[in-house]
Each structure stands twice: as structure tokens, then as C-alpha cells.
Amino acid sequence: METPEAVSRYVAQYRSSLVLGGDWSLAEGPLKTLVMAAGPMSRREAHDLCAAVSTFLAGPCGWDRTAAPDFRGLLNERAIAQCAAGQGSGAGSGRVLAALRAAQRAAFGISVQRRPGTGRRHTSPIRKVGRVYDACAGLSVATFALVLEGATGRVVTESRLRGLVASLLATVSTQDAGTVVLEPTVLAAYLQAVDTDLSEELVQTRATSKTKPKPKRPSERQAQARLKADRAAHRRATQGATLADDPSADDLLPQVREAISRYRPQDLDDEQWEPLRSLVQRLVVGYKPPSEVSARNAATIVVAFLVWVWSLPERKNPAMPPTAEELLRSPLHEAYVQRTLSDGTPAASAATERSVLRRCLRSLEADPLHHVVRHTPVAAPYSPEECAAYAELALAQPTDVKTRNACYLIGLTLGAGLSPEDLRSIRLCDLCERTGSDGLPYLEVSVRGRSPRTVPVRTQYEPLVRRAMALSEGMDPEALVIGRKADRHNATDAVRRQFVTASGTVDVDARRLRTTWLFAVMNTAVPLPTVLRLAGLRSARTLVDLLPLCPAPSELEVRGALAAVRTVEDASLPEAGR
């Protein structure tokens, strides 16, 4: 696929804020070449790649800074994991980890197979979940979740809702691309939705965004530790990883050890199997399978991988079987996974193969480092009192420009759930007035970008948007509602940091404003698929994060829904553990 012109332009103009001076002069060309080789198809992908590689080079990566960086040597598994670990364990480190692995593939010339949606898991709902939803289709998301927990006796998780969400998103009624058709009763409930309160103790258990402290000059001890880490990384980049001793199988269950020793692939003859057997057993023992089935499955994946490596014509000794040292030198497992994808393997199966091979190959290293990315729940929504204060503050800004920007920011985030990314591309012509079935007008905003959709503005925040529109009269309809450049990375940063108060300025978190909108809609009689489409969500993860903060719904409504579930439930069908 050809890289879009806007992406190429962004990469060409990129300048790192972490790698400076002479270091940037050495790294700029190789970094931009590497990013373009990774094939970013959007400005966001290009930004993530550039930022991740810059962060990598600015840390103790092993680059001696006397010549251009050699990314084939620098981007090894340990160095990538170490850089990602330095970003914490949340979503930010996950983006860095994914971007650096994409850069690693590009450095080794491994092309990526882009097949959106291939092999998607859970494309149909769990039977019990589907039956409960059928009885609660017209209720709020919060009420449906409580009924689901009562009917199944299990906590609602994103994975249990995954199949239901996939099937609902495929059947949501639309007119044009992204335009969700709202039933009159649903539209009325949505427009009248108000900010929902929650108990103070629950708010205190959910982390909120904090201002990052200004970086301090490192101490002498920190500088020495950084220098030591840089030397170790340089030694690893130039000499390669150190091979570990053979792993011990003593920690495995006896039946697992026996399964590994007795494993024999049926599609290989003795002449092919014997040279591979010891390496296969070593890798599977290093995988530490918990059961016999897991051991056999891992061995099957490892054998197929090693046979493929053996068949590569560009190897130094094609006639010789693969060795552990050879597997440590380059990310052959990534090339293998991309080959299986090109052969038609479902993406879910390829992901399993990649995970197994990474774990097996990590056991070959004498000093492995594994970084685990953990999910960080979204910050708690703002209270109704805080939202009212922000709305009042937006209308009281000292200049028309500040008032217009503040009203658009508060009105479109709290009123229509727009994210900072959505606000980058919203133009004046994307705001229009509609008339409901009751004859009353309401505002609607058309969202562009990765999640195109149309979203009505809640009545509670309509005055803010109308005030901003009045201050925008005479401007070009194609003008952006906030800012002047559509390609800037963050449209809301300048606005949210410049809310003027009597005592100075206040920093408003645009993402928490959107979360507050979502929280209000979740507790209103708006069906789950409509909430997902209006919010531009592809999964229920954010909804599940917010469920513990939801106030208790009407007890009468919950009892009625549980009675409806028992009526439609087919008790003769076993759940098979689901």
C-alpha cells in the first residue's frame, strides 16, 4: 500500500524534542527512513513511530552517538522491553512497545500483512449474555449490566461482552456512513440526559490525571547508572544476546515432562526430526507449559517455525539445522508470523503463534527482560458540580476568542462526547440544527476521522455550543472550530490550559469531560449499540471500567428485567461453562 501524502509530509517535517543537536543530525535520516519503511498509513501511526524511536534513542539503547544508529543491532527484544518499561505499565508503554516492534520488523525488512478484522474472536454473543440482552434491549447500559450479573452470577467483563458488542455493531441501523438512526424515544432520552453523580468514596479509588513533574537534572548516581546501562546495551547490540544454559524441567509436572519427551511430529521423518528434537524440547521446556495439551500445542508451533527457518535460502549454512544462537540474532519469529498471515492463517491464530514463540525464544537469553502492559482504567468522570462550574467558566472568559474556544471545548465534549482527537477535524459546517419528531430543534455534530459518526448535543450543553456558534458568525464554514491547523497533534491542549479564572488559570482534562458524557449516557435509557456508535467505541472496555461507578438503577426496573429473562430463558440448554 502506498503511504498517504499527508503521512509522508509529517515524517519529513518531524523533529525530535528528545534527540537534539549533533545526535539529531546523525539520527534524523535513519530514523525517518525506518519510520517510512514501517509503512504508517495515518498521521497517528507516523507520530507514534517517530516518538517511540526518538524515546528509544534518547535512552540507554546502546547507540554510541559517534555515527548513525544501526537499528538492526539496537532494536533487540531486551532493548525494546527496557524502553517500554521506562514508560510505565499502562497504555502509553503499550503504544511504545507496539511502535518499536513495528520499527524492528521494518529494520529487518519484514513486511506486514494488513488485513483488518481477519480472524476476529467472539463474533457472536455468549448464549446467556445474548438472552439477557434481548430482555433488556431498551434499558440503560448500567441497568443491563446489573441484570446480567444477577442472571448469570458473574461479574461483567469486557471479554464476556465482546461477542455481543461485535454482533450489535454489525446490526446498528445507519442511513449514511456513520449516521446512527435514533428512535424518537431514544433520541428524547439522550437529549434530556443529565450529568450523573457518584459517591465520593468511589471517585477517590479511581486515579485521575496528574500534571507531570518537570524533569530534574539527574544525580551523579543516576548518571553513572545510565552510563552503565548504555554500555551494557551497546555490548548487547554489537555482540548479540548471551545464550542461557539449558532450562531445567524439574519445575514442570511429571506428565508434562513426559509429554515433551514423547512428542513426535507425524509429518516429519526421522532424518528431519532428529536434528531438531533437542532444540524443540529446549524451547518447549523454556515455555513452561502448565499442562500436557499446552506442551503439545507449543511443540507443534515450534516445530513448524523451525522447519520454516531451516528452509530459508539466505541462511549462512542452509543445509544445517537451526541453532539457538541463530534464533537470538534476528526476529525470525516475526517474519514467520507474517508469512503465516499471508498464507491465510486467521489473525487470532497468528497472534497465538507469536505469543508462544516469543515466550520460547525469551528462554534462550541469559538475561531476558519481559515487559507486561497492564490495562489502566479510565479516570473517574467529573461531578455535576464540577461540570456546572466549567460551563459557567467557559461563558465568563475575558475575550470572545477565549469564550468561543472554551464553549466549543466544554459543549462538544460534555454535550456530544467528542474526544481530543475528534476535535482536531471538526469544522463549522459540521454543526447543524435538526428537528426531532416532537417538533423541537436540537444540534448535531458530524465527526470525521477514524470513527466517523453523527452525535446530537445534549440539551444541557446546547447553550454553550450555540454561544460559540454565534461568536463564529462571519467565519468561513470550512474553518476549524478550534485552532487553525487540522494536522496538529492535539487541538485541545492550548484551550484547556488557558481557562482564565479570578486567581489565574485552570487545567481541564478533555478526556475526563468525554468520560463524563459517556457516564451520563450509560445511565440513561439509551441501548448499548447506540451508546457504542455515538461514542465511536469498538469494544466495551471503557464501559466496563465505568460500571462500578454507576449509581444503582431502579430496583423495580431491575426486578422486571430479571423476570423477563427467566421467561425467555431456555433452561434445557446447558451453558457448557460459559
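Cα centroids of the range 7-66 and the range 396-421: how far apart, whole angstrom? Between the Cα centres of the range 7-66 and the range 396-421 lies a distance of 33 Å. Counting only aspartates and glutamates at least 8 places from K128 when in the same chain, those with an alpha carbon closer than 16 Å to its own are E149, E158, E569, D570, E575. Computed over neighbours whose Cβ is under 15 Å from that of M36, the net charge equals -1, Lys and Arg +1, Asp and Glu -1.
If only the Cβ of Lys and Arg carry +1 and only the Cβ of Asp and Glu carry -1, the dipole of the chain around its Cα centre is close to 1140 debye. The accessible-area ordering, largest first, of the residues K485, K288, K128, K402 stands as K485, K288, K402, K128, per a 1.4 angstrom probe.
Proximity of backbone amide H atoms, modeled 1.01 Å from N, is registered between R427 and V481 at under 5 Å, excluding neighbours fewer than 5 places apart on the same chain.
For the chain, the longest principal axis of the alpha carbon atoms and the long axis of helix 462-471 meet at an angle near 90°.
Please state the relative contact order of the chain as a whole percent: Cα pairs under 8 Å, 6+ residues apart?
Details: 771 pairs, mean separation 122.1, N = 578.
Normalised by residue count, the contact order of the chain is 21 percent.
Shown in residue order for the range 443-452 are the 3J(HN,Hα) couplings computed by the Karplus curve 6.51 cos²θ - 1.76 cosθ + 1.60 at θ = phi - 60°: 9, 9, 10, 9, 9, 9, x, 6, 10, x Hz (x for Gly and Pro).
Computed from Cα atoms, the angle from the helix 21-37 axis to the main principal axis of the chain rounds to 90 degrees.
Over the range 384-532, with every protein chain in place, what whole percent of the accessible area is carbon and sulfur at 1.4 Å, could you tell me?
Working: 3110 of 6240 Å².
Within the range 384-532, the accessible surface is 50 percent carbon and sulfur.
With Rh defined as the Kirkwood radius, the inverse of the mean 1/r over Cα pairs, the Rg/Rh of the chain is 1.01.
With contributions of -39500 (n - 2.57) from each DSSP H run of at least four residues, the per-residue ellipticity at 222 nm computed over the chain stands at -16000 deg cm²/dmol.
Computed with a 1.4 Å probe on the full set of protein chains, the accessible area for M320 sits at about 110 Å². Contact order for the range 384-532, expressed relative to its length and based on alpha carbon pairs under 8 Å spaced 6+ residues apart, stands at 30 percent.
Keeping every protein chain in place, order L518, L440 by accessible area at 1.4 Å, biggest value first, i.e. largest first.
Output order, biggest surface exposure first: L440, L518.
Remark: the range 538-554, residue by residue, has Karplus-estimated 3J(HN,Hα) of 10, 8, 9, 4, 5, 4, 5, 4, 8, 4, x, 8, 6, x, 5, x, 4 Hz, where x stands for each Gly or Pro and the curve is 6.51 cos²θ - 1.76 cosθ + 1.60 at θ = phi - 60°. Taking the dipole about the Cα centre of the range 384-532, with the C-beta of Lys and Arg at +1 and of Asp and Glu at -1, give me whichever of G439, A486, N523 is farthest to the positive side. Going by the charge dipole, the pick is A486. Only Cα pairs under 8 Å and 6+ residues apart enter the sum, and on that basis the relative contact order of the range 239-364 stands at 33 percent.
In whole percent, how big is the carbon plus sulfur part of the accessible area of the range 26-67, probe 1.4 Å, protein atoms only?
Numbers: 820 of 1360 Å².
Solvent-exposed carbon and sulfur of the range 26-67 make up 60 percent of the total.
Over the chain, with the other protein chains present, what is the accessible area per residue in square angstrom, probe 1.4 angstrom? Present the calculation step by step, with values, prior to reporting the outcome.
Details: 29390 Å² over 578 residues.
Spelled out: the 1.4 Å probe surface of the chain, per residue, equals 51 Å².
For the Cα atoms of the chain, what angle does the longest principal axis make with the long axis of helix 400-416, in degrees from 0 to 90, nearest 10? For helix 400-416, the angle is close to 70 degrees. Label-to-label distance for D270 and A170 is 5.0 nm, based on points extended 7 Å past Cα in the beta-carbon direction.
The values are calculated or read from the model by the stated rules, or taken from the named source; none is laboratory data. These figures come from a predicted structure and were not determined experimentally. Please note: Cβ atoms are built from the backbone with ideal geometry, for glycine as well, and neighbour counts cover all protein chains shown. Just the protein is used for accessible areas: all its heavy atoms, side chains included, with ligands, DNA and RNA removed. Shrake-Rupley method; radii C 1.70, N 1.55, O 1.52, S 1.80 Å.
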